[in-house]
Ligand code: PFF
C-alpha cells in the first residue's frame, strides 16, 4: 500500500498546529510572561521564534517532506547513511519518551473535566484543593483508569490512519479548541477587575528582563513549537510537494503563540478578580490543578452554573490541547515502527500503545504506590520529564540545526524551500546563517543554563 498524505494544506497546518498547541501553551506560557515582564517577555519570545524556532521548524518540515519517510528513515536518507542518521533516531526516541509522561497529565485533564461537570468543587474550602489533587494522583486506580481512556482515544485516532484519523480529528479539534479559548477569554476579561490582570500580562516591564529571561523564552519556544521530537518531521512527511514550507512554519508558530497569549487572557483576569497574588498561583500542575479550580469557583460564584460551565470548558480545552499533541507524538513512534520494521499500521500502533500503557502507568503510579522509586530525589515521572526537557530536546535541536546548516546539501535546501523555484526565498541566507551559528550557540546556552552552569547570572 502507498504512503498516505494529508488531503489538504489546511489539514496539514491544523495537524501541525495541534502538535504545537499543548499543555505548554496553557500552563507555562502565561505565567512565564506575567512574571518576566509581560509584553517585554512576549517580544523576546517572538524574537526567539523568528531567529531560531522558524529555521528549525522549516528544516524539520523540509527533511520530512523531501524524504516522505518516518523521522529515523528521513535522516538516514538525507544523511546518506552517515553518522547523522542518529539525529533522526534520537528524535523518535525523544518523542516516544515524552509521550510516556505527557499522557499522564492528559489523563488528569479528563478527571478534572469530570469533577467540573459534576460540580465537585462546590463549596470546597480554598485550602482543600491541594488535598483533592494529592489524593487523586496518589490513588492507585483512578488516574490509571483515566490514563487508559486517554491512551485509548489516541490509539483509536492513530489506527484510523493519516487522513481519516489524524487530519480529520485535527480539523474537528483545532477549531473547537479555538472557540473554547475565545469563549473563556471573553468571559474572564468581562469579570470585574480584569483590567489589572491584563495589565500584569501585557504591560512591558523591561526591568524584569535579564539573561535568564531570554534563556527561559528560548526554552519555552522550543518546547511549545514541538521542535526536535520528530513530530514536525513526521507530519511533514505527509505534506504534498506543493505545501509551502516556510509559510507553513510561520502559520503554525502564529497559531501557537496566539493560543498561548489567549490562555493568559483566561487565567490572569480571573486571578486578579479574586484578589489573588499572581506570584502565588504556581506553574504547571500546581497552577492547573490546585490554584485554578479554586480561582474559577470564586470568580464565577461557588457552585454556580457559570462556574460549572467555565471550569468544564477549561479542563476540556486542556484535554483537547493535550490530546492533539499526544497524537503527534504517538505518530512519530508509529510511523517509525511500521516503516522501519515493516509492520502494518495496526500492529505498529498497537506496539507503541502497549509501551506507553506500561511506561505511562509507571509514571502515573510514581505519585502513589511507586513514589518511593526515586533517583536523585526525582520520581519516575519527574525523571522522564527532566531527561527529555533538559537533555534530549536541546541536544536534538542543536544537532538538527547543525545538520541542516552545515551538512545538508545547500542546493537541495534551496530547491525544496522554494518548491523547485516556484516560491521566492529572500530569507534563505538569513535562515542558513541562523542554522549555522545563532541557533546552535543559543541552544548551547539554554542547555548550560539548565545544567546550572549559569547560576551566576541569576
Ligand atoms: N508543544 C506541546 C506543548 O506545548 O505542550 C508539547 C509537545 C507536543 C512537545 C509534541 C513535543 C511534541 F512533539
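Read-outs: derived from the displayed coordinates by stated rules, not from any lab. All values derive from a computational prediction rather than experimental measurement. Every residue, glycine among them, receives a Cβ derived from its backbone with ideal geometry; neighbour counts consider all protein chains shown.
Some notes on this structure:
- Calculated over the stretch 325-369, the projected area of the Cα convex hull averaged across directions stands at 3.3 nm².
- Cα-based convex hull, the stretch 377-458, per residue volume (Å³, whole number): 125 Å³
- The residues 254, 398, when put in order of fewest to most other Cβ atoms within 10 Å, stand as 254, 398.
- Using only alpha-carbon positions in the stretch 1-110, the gyration tensor eigenvalues give semi-axes of 29, 19, 16 Å once each is multiplied by 5 and square-rooted (largest first).
- Contour excess over end-to-end distance, with Cα ends at residue 127 and residue 411 and 0.36 nm allotted per residue: 96.1 nm
- If the chain linking residue 277 and residue 141 were pulled fully straight, counting 0.36 nm for each residue of separation and taking away their Cα-Cα distance, it would gain 45.5 nm.
- Kirkwood radius and radius of gyration were both taken over the C-alpha atoms of the stretch 360-421, and their ratio Rg/Rh is 1.36.
- Sorted largest first, the principal axis extents computed over the alpha-carbon atoms of the chain equal 63, 50, 44 Å.
- Among 60, 4, sorting on how many other beta-carbon atoms sit within 10 Å of each Cβ, with the fewest leading, yields 4, 60.
- With 10 Å bins beginning at zero, the pair-distance distribution over Cα atoms of the stretch 119-218 amounts to 11, 17, 28, 34, 11, 0 %.
- Computed over the stretch 183-306, the convex hull of the alpha-carbon atoms projects to a mean area of 10.3 nm².
- Protection proxy ranking, peptides 65-77, 120-132, average beta carbon neighbours within 10 Å, highest first: 65-77, 120-132
- Pair residue 10, residue 114: separation of 7 Å Cα→Cβ label points (nm): 3.6 nm
- Annotation: the residues 231, 47, 363, sorted from fewest to most other C-beta atoms within 10 Å of their own C-beta, follow the order 47, 363, 231.
- Under the criterion of Cα pairs below 8 Å and six or more residues apart, the relative contact order for the stretch 144-283 equals 43 percent.
- Alpha carbon convex hull of the stretch 200-254, volume per residue in cubic angstrom: 104 Å³
- Overall form of the stretch 273-414 per C-alpha gyration tensor (a/c, 1.5; a/b vs b/c): prolate
- By average C-beta atoms within 10 angstrom, highest first, the peptides 32-39, 203-210: 32-39, 203-210
- Its Cα gyration tensor gives the stretch 273-337 an equivalent ellipsoid. The semi-axes, each the square root of 5 times an eigenvalue, are 32, 15, 6 Å from largest down.
- Helix-only mean residue ellipticity at 222 nm for the chain, each DSSP H run of n ≥ 4 adding -39500 (n - 2.57), per residue, nearest 500: -21500 deg cm²/dmol
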